[in-house]
Structures are given as structure tokens and as C-alpha cells.
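Notes for the one structure printed next.
Rule-based calculations on the coordinates, nothing more; no lab input. Please read these numbers as outputs of a predicted model, since none were measured by experiment. Quick reminder, even Gly has a Cβ in these numbers, built from the backbone with ideal geometry, and neighbours come from all protein chains shown.
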Amino acid sequence: MAQQFEALARIIGSEKVSTEKTSLIAYSKDATPLFEGMPDVIISPTSTSDVVAIVKFANENKIPLIARGAGSNLAAATVPLNGGIVMSMNGMNKILEVSKAELIARVQPGVTNLELDTEVGKEGLRFVPDPGSRNVSTIGGNVATSAGGLRGLKYGTTMNYVLGLEAVLGTGEVIRTGGRLVKNVAGYDLTRLLVGSEGTLAIFTEITLALSPRPTVSKYGVAYFDNLSSASIAVEKVITSGMVPSTLEFLDNKCVVAVEEFAHLGLDTNAGALLLFGDDGVGPIVGETVIAMSELIKSVTGCRAVTLAKNVVEAEALLYARRCSLPALARHGTVTILEDISVPRPAMAEVVNLINQIAQKFNLEIGVFGHAGDGNLHPTIVLDKDDGEALKRAENALAEIFALPKKFKGTITGEHGIGSAKLPYLRDQIGEVGIQLQRDLKRVFDPNGILNPNRLGS
């Protein structure tokens, strides 16, 4: 195999190919705990022609090929469990175009979410999706998993902002899907099919994205409740009132306590739940809307207190309370398993209570935070990596947690994807016909099954 990679190096340049042990180890994991696989080689393309050459090589030699950005995904979607090639897309990191007139940007997949948002911000624009890893996550990874974030309720997820793609199929053929237009119904919607496909159908080399005008006003508040049921009632009151917040997030008591210990923000650690709410836009209507939300929330039985941020500093502190939930919980152990399920909003409180029961049943620390506005919950298990019994209990607990979405007409993943971590639960979610259809699609796009094998389409 070494000779094969030497031949590829001669085609695309030896500086783009690495078999050094340190590089292989660095790419043997992603942000998902408990999953590891050693690649045979790391290849770093800088152009579409490089990607075509690499894919053709892998296809001809039937070598597994995984495209990877920052590796910040939480479903083991980029761990090379079958060895082969890991193709780092970080070298394809150019912002090719920003058009204020068309409200679009064209980018290569290695551009980070933060880089794009900063650049388009110079034109008074915004790239709306904001996953928790937005400072490091790449646009290619965002698109591959249809990443979400705190703004999903009002603005949608990544799939709502992808207008077109240049992508390389498993055969090495280059396709272009969609385009620059919001309205485009020419043929099957291959763009939407490829978004969220986790690198199993094609590898993105260029992405055309929709942008939005940047809000000039943002207002936030925080509410505390005796229990999550009261918080859930508050969420329903806000949604059914006709207001659609840009932010509607929650933390359970375990998360509130962990965040306060970590960040010392002055949070009410006796509260059963915390609700972060806010809106953005243009003009005084934003402030009026947030005040109206606060009054609705105050009227809910079990609401302990509501506080509105007086300035940008206080608003950023509130947002930080939500964004630092994961690192705050992670301090309680050496392994942090952050999961992702979604259920209808009215069922959210009941599901969180059931997760707490599961935590007690298996003697585990499980904090829950998430996106209250769209029912997206993040149960987070914290344990010691050297505690083999705890790891087994965690596995059993996760099986019960992933059974909850089916019971409540939800989904096993709202924004993290399937990867390897959730593949065992996919059949129960989409059924045997759905599994077979995915396999059939995989063969059309990737006949030899080289692209991110043994994941979607397996």
C-alpha cells in the first residue's frame, strides 16, 4: 500500500501526503469519545482536481476514503474505523465570492463557520447557522451533517442555507447541483439529498450559501423555574402567542449548577430549570418583543424570576451560560458523551424526566440542555474513562434514551448526524424500507462503497 500512496503523491504532490505516525494518530479520532481507528494515510487536497485524483485512486484500489474538516462532529462520523485514507479538507479554505446583491457566498469546504460569518459581516450580512463548535467547525462539515445551533427555531439549520454544491462522486466524476437562486426546481433536489449525507455520497469541493442581512439589535433574557414542566409550559406560551424567538434554550438543574461552578455568572442554582430567550432584528420592535416574552413567561406558575440583559455584556454572559454547558459538565469526569435527540415541544419535559429516571436507574450523571424552541435535547453523560462498569451502564442508558424519540414521535438526531455512534439505532428510526433505499442511493453515487464506508447507506 505504501507504493500505491507514493504513486498518488507523484500525482498530487508529496507535500500533500503524510504517513507520519503523529499525523495518523491526530486523525484517528474526532470529537466523539470512545471511537478510534488508525488511518493508513492523510492527504490534504488544495483543489477540486486534487480531490478528483484522490477519489479516482481510492475507487480504483477500493480503499476507504473519509473526507474530514475540523473533526468536531459528535457522532463518530469521521473516525477511520476501516483504516484507509483520511482526506483533510482544511487546505481548501478560500472564500471565493460574497455577493451582497444576491445575498450569497461561494466557499470551499475548509472555510470555518466563524471565518465566513466574520467576512460577510463586513458587508452587513450574516451566515445564520451557528453550531456550538462554530469557531472551529468547517462549512463542509456543517453541510455534511446539516448542523444546527441556537438559532434553529427562527432561522432553520444549515440545510435551509445551501443553494448549490460542486461535489465529487465516488467514481471521481464532478457534479454541480442547485445554483445561486432561491427558486430552482430543475430536476430532483440533489442538493438537499447531499446535505446531511455525512460524506457517504459525494465530497463537497465548493458550496454556495444563502446569507441574510445582519441584525442591528439583539435582546436577551433569562428565566428560572421550579421545574422543567413549568419551563416547558412557558415555551409553549411563547410559541403559541405568535412570537418566534431567535433563541429559546434551556438548562436543567445539573447544568445550571455545573455552569455556575465553572463560570461564576450568578445563576440561581436552586432552580429546577433555566430558560434563555431572546430575539434579533432591526429597530425597537425587537426590544418590545422580548419584553412581551418576559411578561408571558412571568405569568407561568413555577416561574421563579425573569431578568432582561441591560446591555451587550450582560447579553453575552447569558449566551455564554448556554454555550459553556458542555465544558462545564465535562469537568465532572474524563469522558463526556454528548448526545442529541429531538421530540415535539409538548413532550420535552416528560422526556427529560424520563432521562433523569434512566440516569438514576444506571447510576450515572446525566445533565440535559438544549434547544427548547425546537425540542432538541442534549443528554450529556459524564464518567471516568477507566471505569469499565460505568461505560457499560452508559451504553445501556443510551439504548434506552434512543428509544424515547420513537415513543414520542421524535428523532434520534436533531443536528449531530448518525455517524458510527448512532448507526445501530437508525433501522428502528427509518424502517427496513428506508434502510434499503439508503443502500440503493449509496450504490448510485458510490458504486464501490469507498466513501465513508459502514455508515449511512451501509
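Give, rounded to the nearest 20 debye, the magnitude of the charge dipole that the chain has about its Cα centre when Lys and Arg contribute +1 at Cβ and Asp and Glu contribute -1 at Cβ. Mind showing how you got there, number by number?
Numbers: 43 positive and 49 negative charges, 142 e Å.
Here the chain has a charge dipole of around 680 debye.
Nearest 10 degrees, 0 to 90: what angle lies between the long axis of helix 253-263 and the longest principal axis of the chain (Cα atoms)?
80
What are the ³J(HN,Hα) values, in whole Hz, obtained from phi via the Karplus relation 6.51 cos²θ - 1.76 cosθ + 1.60 with θ = phi - 60°, for each residue of the stretch 31-46 in sequence order, with x given for Gly and Pro?
3J(HN,Hα) across the stretch 31-46, in whole Hz: 6, 7, x, 6, 10, 7, x, 8, x, 8, 7, 10, 10, 10, x, 10.
Fewest Cβ neighbours within 10 Å first, please rank Arg345, Arg180 accordingly. All intermediate terms of the calculation are to be shown ahead of the outcome.
Working: Arg345 19, Arg180 15.
So the residues, fewest neighbours to most, are Arg180, Arg345.
Counting only C-alpha contacts under 8 Å and six or more residues apart, can you give the relative contact order of the stretch 216-421 as a whole percent? Could you put the intermediate results ahead of the total?
On the way: 380 pairs, mean separation 52.8, N = 206.
Answer for the stretch 216-421 is 26 percent.
As an exercise, use a Förster radius of 41 Å and the Cβ-Cβ distance of Lys392 and Asn448 to find the FRET efficiency, rounded to the nearest 0.05. Mind showing how you got there, number by number?
Details: r = 37 Å, r/R0 = 0.89.
Step by step, r from the Cβ atoms, then E = 0.65.
Please turn the phi angles of the stretch 153-168 into ³J(HN,Hα) values with the Karplus equation 6.51 cos²θ - 1.76 cosθ + 1.60 (θ = phi - 60°), one per residue in order, whole Hz, x for glycine and proline.
Each residue of the stretch 153-168 in turn: 4, 7, 10, x, 10, 3, 4, 7, 10, 9, 8, x, 9, 9, 8, 10 Hz.
Efficiency by 1/(1 + (r/R0)^6): what FRET value for Ala186 and Leu265, r their Cβ-Cβ distance, R0 = 60 Å, to the nearest 0.05? Numbers along the way, then the final one.
Numbers: r = 51 Å, r/R0 = 0.84.
For R0 = 60 Å, the calculated efficiency reads 0.75.
Using a 7 Å offset from the Cα along the Cα-to-Cβ direction at both Asn363 and Glu15, what is the distance between the two label points in nm, to one decimal?
The modelled label-to-label distance comes out at 5.7 nm.
Consider a paramagnetic label point 7 Å from the Cα of Ile95 along Cα→Cβ; state which residues of the stretch 199-216 have an amide N under 12 Å from it.
none
Quickly work out the Glu400-to-Ile285 label distance, labels modelled 7 Å from Cα along the C-beta direction, and quote it in nm with one decimal.
Between Ile285 and Glu400, the label points sit 4.8 nm apart.
In nm, to one decimal, how far is the modelled label at Asp384 from the one at Lys62, with both set 7 Å along Cα→Cβ?
4.7
Can you give me the angle between helix 48-61 and the longest principal axis of the chain, using Cα atoms only, in degrees from 0 to 90, rounded to the nearest 10?
Roughly 70 degrees between the two axes.
Counting only residues 5 or more places away or on other chains, whose amide H sits under 5 Å from the amide H of Glu206 once H atoms are built in the peptide plane?
Distant-sequence amide H within range of Glu206: Glu166.
Taking only the alpha carbons of the stretch 347-458, what extent do you get along each of the three principal axes, in Å, biggest first?
The Cα atoms of the stretch 347-458 stretch 46, 36, 22 Å along the principal axes, largest first.
What do you get for the angle between helix 228-240 and the principal long axis of the chain? Use alpha-carbon atoms, 0 to 90 degrees, nearest ten.
Taking the Cα atoms of the chain, the angle to 228-240 is about 80 degrees.
Using θ = phi - 60° and the Karplus relation 6.51 cos²θ - 1.76 cosθ + 1.60, list the HN-Hα couplings for the stretch 387-398 in order, rounded to whole Hz, with x at every Gly or Pro.
8, x, 5, 5, 4, 5, 5, 4, 4, 5, 5, 4
Too long at a 26 Å Cα-Cα cut-off: which of Lys392/Lys442; Lys237/Lys409; Lys29/Lys407; Lys16/Lys442; Lys100/Lys310; Lys21/Lys385? Walk me through the intermediate numbers first.
Working: Lys392/Lys442 33 Å; Lys237/Lys409 21 Å; Lys29/Lys407 33 Å; Lys16/Lys442 28 Å; Lys100/Lys310 32 Å; Lys21/Lys385 24 Å.
Flagged as over cut-off: Lys392/Lys442; Lys29/Lys407; Lys16/Lys442; Lys100/Lys310.
Return the FRET efficiency for the residue pair Asn135, Ser299: r is the Cβ-Cβ distance, R0 is 35 Å, and the value is rounded to the nearest 0.05.
Values: r = 37 Å, r/R0 = 1.07.
The calculated FRET efficiency here is 0.40.
When a/c is below 1.5 the answer is rounded, else prolate if a/b is larger than b/c, else oblate, so apply that to the stretch 23-153 with a ≥ b ≥ c taken from the square roots of the Cα gyration tensor eigenvalues.
On the way: a/c = 2.72, a/b = 1.54, b/c = 1.77.
It is oblate, given that a/c is not under 1.5 and a/b is not larger than b/c.
Within a 10 angstrom radius of the beta carbon, how do Thr22, Thr145 rank from fewest other beta carbons to most? Intermediate results must be reported in sequence, preceding the final value.
Details: Thr22 8, Thr145 31.
So the ranking, lowest neighbour count to highest, is Thr22, Thr145.
Ranking Arg439, Arg214 by Cβ neighbours within 10 Å, fewest first, what do you get? Present the calculation step by step, with values, prior to reporting the outcome.
Values: Arg439 13, Arg214 17.
Ranking Arg439, Arg214 by Cβ neighbours within 10 Å, fewest first, gives Arg439, Arg214.
For Ser212 and Lys122, calculate 0.36 nm times their separation in residues minus their Cα-Cα distance, and state this gained length in nm to one decimal. Don't jump to the answer; show the numbers that get you there.
On the way: separation 90, 0.36 × 90 = 32.40 nm, distance 1.27 nm.
This chain segment gains 31.1 nm when fully extended.
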